[in-house]
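What follows is a set of notes on a single structure, which appears directly below.
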Amino acid sequence: MARHQPLAIFAMPKRSKPTQLSRREFLAATSAALIGLGMKTDKPIAGEFVNESFQLGHMLRDRTPFPAPTKKEKFAIVIVGGGMAGLSAAWQLERRSFRDFVLLEMDKQPGGNSRWGENDITAYPWAAHYVPVPNAKATLVRELFEEFGALKNGKWEERYLCFTPQERLFIHGRWQDGIEPAVGLTDRDREQFKRFDDLMQRFRASNNFTIPTQLGMDITQKPDIAALDRVSIAEWLQQQKLDSPYLRWYVDYACRDDYGAPASATSAWAGAHYYASREHEEKGPLTWPEGNGWIARRLIKKLDSYIRRNALVHRITKDKNRYRILAGDTEFTADSVIFAAPTFLAPYLIEGMPPALTKDLVYSPWLTANLTLDRLPREIGGTETAWDNVIYNSPSLGYIVANHQSIRQHEDRSVWTYYWALAERSPLESRRFLLEKDWNYWKEAILTDLARIHPDIRDCVSRLDIMRMGHAMIRPSVGFMFSDSRRALTRPHAGLERLFFANSDLSGISIFEEAQYRGVTAAQQALAIISGSQESTAPTA
Amino acid sequence: MPALLFISILLIAACGLIYELIAGALASYLLGDSITQFSTIIGSYLFAMGIGSWLSRYISRGLVTQFIWIELMVAIFGGFSSSILFLTFAYTQGFRIILYFIVIAIGMLVGLEIPLLMRILKDRFEFRDVVAHVLTFDYLGALGASLLFPIVLVPQLGLVRSAVLFGIVNAAVALWGTFLFKDQLRSPQPLRVACLLVLTLLCGGMAGAKHVIAAADDSLYADEVIFAKDTRYQRIVLTRWRDDTRLFLNSHLQFSSRDEYRYHEALVHPGLAANSSARRVLVLGGGDGLAVREILKYPNIESITLVDLDRQMTDMFRSNDVLTKLNGGSLASPKLHVITADAFPWLEQSTDMFDFAIVDFPDPTNYSLGKLYTTAFYRLLAKHISANGMIVVQSTSPMFARQSYWTIVETLKQAGLQTFPYHTYVPSFGEWGFVLANAKGATYSPPRQLPKDLRFLTVSAIPELFEFPADMQPVAAEANRLNDQNLVRHYDREWRDISH
Ligand SMILES: Cc1cc2nc3c(=O)[nH]c(=O)nc-3n(C[C@H](O)[C@H](O)[C@H](O)COP(=O)(O)OP(=O)(O)OC[C@H]3O[C@@H](n4cnc5c(N)ncnc54)[C@H](O)[C@@H]3O)c2cc1C
């Protein structure tokens, strides 16, 4: 009998985790690496550059002549660009029962930075992959989510909220929960994190940091808060005597993650916005296998009849009161244009566009990759793969697991979306570098980065597709948020009446909520003018 | 000086460094914190070498014989160091003690090597040449070893085989020594026999390296392992001692044949016996067929659907003699439909309705399993339950994991269900918990009749199961959700507290 009672009192509680056994699990996990032949196969990895738009971009930049149009069509409103901003403008027009419009998208698939892909394992994002749980102030976002069933009677659908474990950080040779560094900190570091949190809390209380940003900017900014836009967040940390390397990494990571910019090139106002704008009523964020493609997909389905695909707009001119929009073989005429393509393209497309308007726009170059994993790498030390997996002090931003939101208990395969904002050099240099290096170079760079945390990664990956984005997202450089040129973009222009810019660029911060807000606002402005009604519902911009 | 002699010095030096590296690597792998492990191991090793060098002064006669014995001892200690350490880690609590014992032993022996060699050689050659050459080759050997270790040995051979391989090298050098220094040896024959013995032993060790991990593994089960299989999803291990058969999944005990009837009667009957109109039953998990055995005691049940992730489990419990005797061949019942599927997605696509659902998953030891204990899961399950139907959930121990238990109860509540928590005593698990749940507005009263051939439950005992003594009473808890799996954290903490 005694033999059977190794723990006399507890008698090996059912399915429990006695220490001995976790040790055994550990042995099982590491044995393959330590004992027996490590099978070193140089597995071939397929892949290519995908969704390239450089060529079209360069054609526009170089003003390559396009064939003359053969067809004519007429609409009250033409939306240029089918990213989230363009789709949201269309969504708003449709909601207001306005049907006399068309949306022109150059790609075969609308979605822009919220585009997605799919293979036999799962759908996966190419860029935007989550939306923080919107608080009560984000009325437009909530409205959309209610329409698509993500929000019911004030409750968020559990399956769309990011599953546990959400985030982990590889630091000092091990994984920790969450991205805020917690391993290896001294008391001094902790004190600085605390002080930083307190400062952000104070900013939050100011109500100046909101999503959409415009709401908070409309409230008078206290001078010390507006002044934040005049220094970089890196300088600001210095001024506050916050020099903990962990804190500096954490803030720099946030800037690269949200803006594709290093802390030294990010406005302190925007840097603070990342922390001070978010107050969550529910543990999130909202995410789906295809990332924000989930939203794009539903908008596209709903608005399909208004969308023209493969319709690259190459010229917009205005004669008298009508706009002429040239796209593919068609000349569109419209009373009003909603320009939701990236704003830096405007001078190349729009006749009479004042160059001063776009001179302050700086864009961050990015690279994303989707890795198909035929088996999952071994996890050492019993940690489980999180949704977001970050490596401390890596130039990359880590990877997102596309099938993290699976309700399966067991997944054999996966797709990882790997993010890399090329923030180490200037945007111009990085862009050149991005174009210069071939697929093999980037593949090796990515696998080498990942091999630090998953030594067997090369044996797991069968495919690695890479998307290069020279102008991936607007960068809130120092001074940009409160610059006159940014504000000017949100207002009508002499000579360009009834043309409204709508891309998320206008906000200086590239996130779904901004794209939606800009798209909806532009739609409301266009509607107000077209219906000639006095009751302009457009928020003051 | 002859080149052969220096090659053996080089080899000895390489061996010495390799054992040190192996001990450091192994300790970092097993204990974590590689900086501490490597520093303390290198430190103790060098210190032990110092002791060895100092002790060398006490060896005055038969230098060559002594040197060869030392080589053989290094060969054995070093060659088997990884195997011994792995097994110690698996079998005992004394890993660190054995680790430092081995490191110090090898260190001392290696510390003896060079001083002895120098003294052996000093009569044959110029002393300054001896020092220069011996030390040069010593350091060269160390360089070779330190490069070989990460580039070739660990990736190609692993730690156990690398150690044995270098043990063989040490023993071979010893054997070689008996020829190199034969003029300084009075009777080389016994030494050569000893060398050959050690070599044979180490070659055997090389062949058996594979089994070391397996042995370490099996040792963790107290009883004889009668069946072990790694499936795609889990490691299934069956053990037996006399009349007691036990099933472990990923090392977690699932049942002991001595008292599993208590667990399975308590799981099935309080709910199922209370609903005489039940026709269709769903079992999630429970591929062992033991819950099905209990359900088959009701003639009114027309169909049973068993959903288990692992076909190998259900196959094994359908075909193995020992196991079919346990479950009474329940898995061969014509009423039973076995479905091999992941429960959550299966429920999502199924349109079947059931009068009773038994949720018998392994405990929420990780976030993957934890998904099967969430509001989202229970809400989905509830959609498959008929108006008067019920669900029962095995819910870990309300005594050892009180917070976890009441978290599961709260989760069912937050999924919109009424709950009826109860518990029973199963000797091999301890106090164990279950929760019955049904739709709001439905009723439940404990059964007034039970199937005849039960070994544990009686009609009068059932109402008592719903009474919780003071140390198991409800505690405040928050629901376990897909986006906030607090259950896994509670569970981990509570069971860890107990096993420490
Ligand atoms: C790598 C990366 C990750 C991101 N992650 C997130 C995230 O997780 N969450 C989040 O909220 N945001 C994220 N974003 C920000 C993302 O940019 C926004 O969420 C949003 O998708 C931007 O939408 P938009 O419509 O303003 O711009 P875009 O998506 O750039 O849309 C512009 C559209 O215009 C089209 N177009 C361009 N030129 C022409 C032309 N001449 N004629 C016709 N059509 C044209 C383009 O094809 C495109 O579809 C990420 C961005 C990047 C680059």
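Averaging the Cα positions of each part gives two centres, and for segment B:338-364 and segment B:129-181 these lie 59 Å apart.
Round to a whole number: what % of the accessible area of chain A belongs to carbon and sulfur, probe 1.4 Å? With neighbouring chains kept in place, the figure for chain A is 52 percent.
On average, how much accessible surface per residue is there in segment B:358-459, in Å², for a 1.4 Å probe, leaving out ligands, DNA and RNA? Can you show the working numbers first?
Numbers: 3380 Å² over 102 residues.
Ligands and nucleic acids excluded, the figure is 33 Å² per residue.
Of the solvent-accessible surface of segment B:259-499, computed with a 1.4 Å probe and all protein chains present, 49% belongs to carbon and sulfur.
The ratio of the alpha-carbon radius of gyration of segment B:296-339 to the globular-protein estimate 2.2 N^0.38 Å is 1.15.
By the rule of a C-alpha distance below 19 Å, with chain neighbours fewer than 8 residues away ignored, the aspartates and glutamates paired with residue B:383 are A:157, A:158, B:342, B:348, B:352, B:355, B:360, B:410.
For segment A:57-140, count all C-alpha to C-alpha pairs, find those more than 17 Å apart, and express that count as a whole percent of the total. That tail contains 67 percent of the Cα-Cα pairs.
Rolling a 1.4 Å probe over the protein chains gives residue B:54 an accessible area of about 140 Å². Just the protein heavy atoms count here, and of the accessible area of segment B:2-218 at 1.4 Å, carbon and sulfur take up 72 percent. On a per residue basis, segment B:70-155 carries 45 Å² of accessible surface, using protein heavy atoms and a 1.4 Å probe.
Take every DSSP beta bridge with both residues inside the protein assembly as shown and express the antiparallel ones as a percent of the total, to the nearest 5. Could you put the intermediate results ahead of the total?
Details: 80 of 125 bridges.
Restricted to the protein assembly as shown, the bridges split so that about 65 percent are antiparallel.
Sparse packing (at most 12 other Cβ atoms within 10 Å of the Cβ) combined with a DSSP loop state is found for the following trypsin sites (Lys or Arg not before Pro) in segment A:244-339: A:320. Relative contact order of segment B:423-500, taken over Cα pairs closer than 8 Å and 6 or more residues apart, is 19 percent.
Averaging Cα coordinates gives a centre for segment A:252-299 and one for segment B:39-100; these two points are 56 Å apart.
Working note: Debye formula, equal point scatterers on the alpha-carbon atoms of chain A, no solvent; log10 I(q)/I(0) at q = 0.12, 0.13 Å⁻¹ is -1.20, -1.39. If you take the alpha carbon atoms of the protein assembly as shown and fit the smallest convex hull around them, that volume is 216 Å³ per residue.
The residues of chain A present an accessible area of 41 Å² per residue when probed at 1.4 Å with all protein chains retained. What separates the Cα centres of segment B:429-486 and segment A:348-407 is a distance of 47 Å.
Taking all protein chains as shown and a probe of 1.4 angstrom, residue B:197 keeps an accessible surface of around 120 Å².
Only Lys, Arg, Asp and Glu carry charge here, each on its Cβ (+1 for the first two, -1 for the last two); on that basis segment B:259-499 has a dipole of about 540 debye about its Cα centre. Taking each of A:137/B:440; A:152/B:440; A:137/B:371 in turn, the alpha-carbon distance tops 23 angstrom for A:137/B:440; A:137/B:371.
Filter the trypsin sites (Lys or Arg not before Pro) in segment B:307-395 to those in DSSP coil with at most 14 other Cβ atoms within 10 Å of their Cβ, and list the result.
Details: sites: B:311, B:318, B:325, B:335, B:371, B:379, B:383; in loops: B:335, B:383.
Filter output for segment B:307-395: B:383.
In the protein assembly as shown, a dipole from Cβ-located charges (positive for Lys and Arg, negative for Asp and Glu) runs towards its positive end, and of B:309, B:95, A:226 it is B:309 whose Cα lies farthest in that direction. Which log10 I(q)/I(0) values does chain B give at q = 0.06, 0.08, 0.12 Å⁻¹ under the Debye formula, counting every alpha carbon as one identical point scatterer? Relative scattering, expressed as log10 I(q)/I(0), comes to -0.45, -0.65, -0.98.
So which of A:72/A:108; A:74/A:359; A:71/A:108; A:72/A:318; A:241/A:359; B:297/B:325 end up more than 24 Å apart, counting from Cα to Cα? Mind dumping the intermediate values first?
Numbers: A:72/A:108 21 Å; A:74/A:359 32 Å; A:71/A:108 20 Å; A:72/A:318 16 Å; A:241/A:359 34 Å; B:297/B:325 16 Å.
Over 24 Å apart, Cα to Cα: A:74/A:359; A:241/A:359.
Interface size, chains B and A: roughly 5800 Å² of accessible area buried, both sides included, 1.4 Å probe, rounded to the nearest 100. Hey, can you list the residues from segment B:146-181 whose accessible area shrinks by 30 Å² or more with all protein chains present, relative to the chain by itself (probe 1.4 Å, no ligands or nucleic acids)? When all protein chains are present, B:155, B:156, B:161 each give up 30 Å² or more of accessible surface. Here chain A is assigned +1 on the Cβ of each Lys and Arg and -1 on the Cβ of each Asp and Glu. Its dipole about the Cα centre then comes out at about 400 debye.
In Å, what Kirkwood hydrodynamic radius results for segment B:240-399 from the alpha-carbon pair distances?
On the way: mean 1/r = 0.0625 Å⁻¹.
Value: 16.0 Å, from the Cα pair sum.
Its Cα centre serving as origin, the protein assembly as shown has a Cβ charge dipole (Lys and Arg +1, Asp and Glu -1) of approximately 520 debye. The accessible-area loss of segment B:469-495 on complex formation, taken against its chain alone with a 1.4 Å probe, reaches 40 Å² or more at B:482, B:483, B:495. Do any residues of segment A:405-442 lose at least 30 Å² of accessible area when the full set of protein chains is present rather than just their chain alone, and if so which, with a 1.4 Å probe? When all protein chains are present, A:407, A:408, A:409, A:410, A:412 each give up 30 Å² or more of accessible surface.
The values are calculated or read from the model by the stated rules, or taken from the named source; none is laboratory data. For clarity, every value in this text was computed on a predicted model and none was experimentally measured. Methodologically, a virtual Cβ is constructed for each residue, glycine included, from the backbone with ideal geometry; neighbour enumeration extends over all protein chains shown. Protein only, heavy atoms only, side chains kept; ligands, DNA and RNA dropped before computing areas. Shrake-Rupley method; radii C 1.70, N 1.55, O 1.52, S 1.80 Å.
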